[in-house]
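Step one of this worksheet: look at the structure below.
The values are calculated or read from the model by the stated rules, or taken from the named source; none is laboratory data. The model shown is predicted, which means the values in this text are computed figures rather than measured ones. So basically every Cβ, Gly included, is an ideal-geometry build from the backbone, and we count neighbours across all protein chains shown.
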Amino acid sequence: MDSGAQNLINYCIVNHFPMIITIITSITFREYAKLLFTLTYKKPTMILIVCIGLIMTGWIGGYWSGLLPVPEPLIYQYITLSLIAVVQPAFIYSIIRKNYLSSNHLRELLEIIFTEKLIIVKGNSFLTELTWEKTFKVVELTNWFLIYQNNLSAIIIPKRVFAINECDQFKGLLRSIPGLDLHLQ
């Protein structure tokens with residue numbers, strides 16, 4: 001444990017915050033991109049757009065294979081399909097990449113301490129202290145915990161950083177915090 005970690009622990013003890021869990025984590029671009037693509041394509045609007053893309057694929061494929069009695073696709077169907085299948089994912093990927101590369105917070109090794117009252121996040125270039133009462137919501141996904149500070153900004157915690165019993169301990173901590181909007185699995 002480095003001196004920064006020890007200073008954070010001492011801070012928690014001096015301020016009477018029983019330290020519950022300390023984790024050290026970092027997120028690779030691949031993990032970040034996979035998470036954001038998953039979150040993006042879970043939205044109802046995106047599901048509808050993908051369904052339209054599948055309909056266009058069925059229409060075009062059905063016409064050219066002769067399997068479906070559909071009218072000949074016009075240029076609009078080809079344009080729609082290419083926008084949904086190629087342009088949109090490429091655009092989303094470029095935004096994700098730009099966001100990841102422009103954020104030191106995402107690329108730094110983070111040390112996070114969770115107490116009953118605070119979340120303390122320490123990176124090489126920053127130290128952030130947040131209260132649970134100001135947390136917007138906490139969402140558990142298959143491989144992640146997302147601690148949202150507002151509708152768009154979240155602390156991203158991969159579950160892989162928790163020891164087996166720590167994940168359950170963390171969920172217990174979350175459940176013990178009054179008024180916290182939880183979406184746990």
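Need the failing condition index for Ile95 against (1) of a type in the set (A, V, I, L, M, F, W, C); (2) within 27 Å of Thr38 (Cα to Cα); (3) at pLDDT below 95, just the number.
Here Ile95 clears every test but (3).
Give, as residue ranges, the strands (runs of 3 or more DSSP E) completely inside region 61-179 that count at least 3 residues that are surrounded by fewer than 17 Cβ atoms within 10 Å (Cβ to Cβ).
Numbers: elements: 110-115, 118-122, 127-131, 137-140, 144-148, 154-158.
Of the strands (runs of 3 or more DSSP E) lying wholly inside region 61-179, those with at least 3 residues that are surrounded by fewer than 17 Cβ atoms within 10 Å (Cβ to Cβ) span 127-131.
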